[in-house]
Amino acid sequence: QNSRKEKLIINRLDFYNYRGVWGLDIAAGSSIINGDYQDPKFEIYFRGGFKYHITSHLNVNATYNKYNLAYKEFYNKGFMSFDLNLELLLNPFGRFTPYLYAGGGYNASNYFEETSNKVQGGFGVEIIVLEHLGLKIFGEYNQAFTDELDEMIAGDTDDVFYRIGLGLNVYFGGQKKREKLSKKIKTVINSNPIVPNN
């Protein structure tokens with residue numbers, strides 16, 4: 001029981017050594033539409049936001065996303081979205097962790113000429129390259145509740161678009177929790193000394 005308690009404390013300590021309660025999320029990449037025309041092409045995509053860890057495994061994050069959707073030769077339009085996600089880290093106590101996320105968002109063309117709600121979900125991997133600094137790569141599926149993103153209504157389904165990105169998570173906060181856990185692990189180890197065999 002003591003060794004299990006010790007392991008749990010060490011795991012939580014590892015989380016705060018690598019990450020933190022708060023995170024700054026920045027990324028850049030490409031977006032592409034799956035709509036009513038042929039020949040879509042990849043366009044620019046940027047993201048910025050914040051995340052807050054509810055537990056070591058789970059965080060809630062809010063992001064602002066700026067991106068373009070385009071078809072070859074005849075269509076290229078700028079959009080933005082404000083997204084709210086729940087994110088699950090599959091290995092929060094290690095330097096390398098896959099993660100999943102899903103949520104909802106509010107989508108708008110430039111100058112809010114056209115707006116719609118949407119849902120999104122994604123998968124990525126994060127590698128802690130320095131203490132409190134994570135490098136990540138991710139892919140995201142977005143389902144818009146409109147068939148007018150590409151200014152054409154056709155078919156029975158609403159427009160879909162994808163975003164892929166490479167970015168950084170900059171973590172901060174949790175220093176007091178880290179210090180408290182460090183004291184706990186010292187207490188547990190001192191109260192359970194290893195007695196050598198005679």
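The values are calculated or read from the model by the stated rules, or taken from the named source; none is laboratory data. This is a predicted model, so every value here is computed, not measured. Neighbour counts run over all protein chains shown; Cβ positions are idealised from the backbone, glycine included. Only protein heavy atoms, including side chains, enter the accessible area calculation; ligands, DNA and RNA are left aside. Shrake-Rupley method; radii C 1.70, N 1.55, O 1.52, S 1.80 Å.
Here are the numbers:
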read-out: Selected from 96, 50, 74 as most flexible by GNM, with the chain as the system and alpha-carbon contacts under 10 Å; value: 74
read-out: Point-to-point label distance, residue 44-residue 176, nm (Cα→Cβ direction, 7 Å offset); value: 4.2
read-out: Entries in 51/176; 66/176; 118/177 that, when Cα-Cα distance is taken, lie over 28 Å; value: 66/176; 118/177
read-out: Accessible surface of the chain [probe 1.4 Å, protein heavy atoms]: carbon and sulfur percent; value: 60
read-out: Acute angle (nearest 10 degrees) that the helix 175-191 long axis makes with the longest principal axis of the chain, alpha-carbon atoms; value: 30
read-out: Expected 222 nm ellipticity per residue - DSSP helices of 4 or more, -39500 (n - 2.57), all of the chain, to 500; value: -6000 deg cm²/dmol
read-out: Rounded if a/c under 1.5, otherwise prolate or oblate - the chain, Cα gyration tensor axes; value: prolate
read-out: Vicinal HN-Hα couplings computed from phi for the stretch 143-149 (Karplus, 6.51 cos²θ - 1.76 cosθ + 1.60; Hz; Gly/Pro x); value: 10, 7, 8, 7, 10, 10, 4
read-out: Stretchable slack from residue 129 to residue 141, in nm (0.36 nm times residue separation minus alpha-carbon distance); value: 1.6 nm
read-out: Estimated distance in nm for a label pair at residue 37 and residue 115, the labels positioned 7 Å out from Cα along Cα-to-Cβ; value: 2.6
read-out: The chain: relative contact order in percent, alpha carbon pairs under 8 Å with at least 6 residues between; value: 24
read-out: Per residue solvent-accessible surface (Å²) - the chain, probe of 1.4 Å; value: 56
read-out: Leading residue at positive end of dipole, the stretch 73-136 (Cβ point charges), from 133, 91, 75; value: 91
read-out: Ranked order, 57, 132 - accessible area, probe 1.4 Å, largest first; value: 57, 132
read-out: Partner aspartates and glutamates for residue 184 [C-alpha distance under 17 Å; skip if fewer than 8 residues away on the same chain]; value: 6, 14
read-out: In Hz, Karplus ³J(HN,Hα) per residue of the stretch 98-111 (6.51, -1.76, 1.60; θ = phi - 60°; x = Gly, Pro); value: x, 8, 10, 8, 7, x, x, x, 10, 10, 8, 6, 3, 6
read-out: Relative contact order (percent, whole number), the stretch 98-146, Cα cutoff 8 Å, 6+ residue spacing; value: 35
read-out: Percentage relative contact order, the stretch 1-114, counting C-alpha pairs under 8 Å, at least six apart; value: 20
read-out: Tilt relative to the chain, helix 2-18 - C-alpha long axis, 0 to 90 degrees, to 10; value: 50
read-out: Under 13 Å from the residue 54 label point (7 Å along Cα→beta-carbon), backbone N, the stretch 85-124; value: 85-89, 102-103
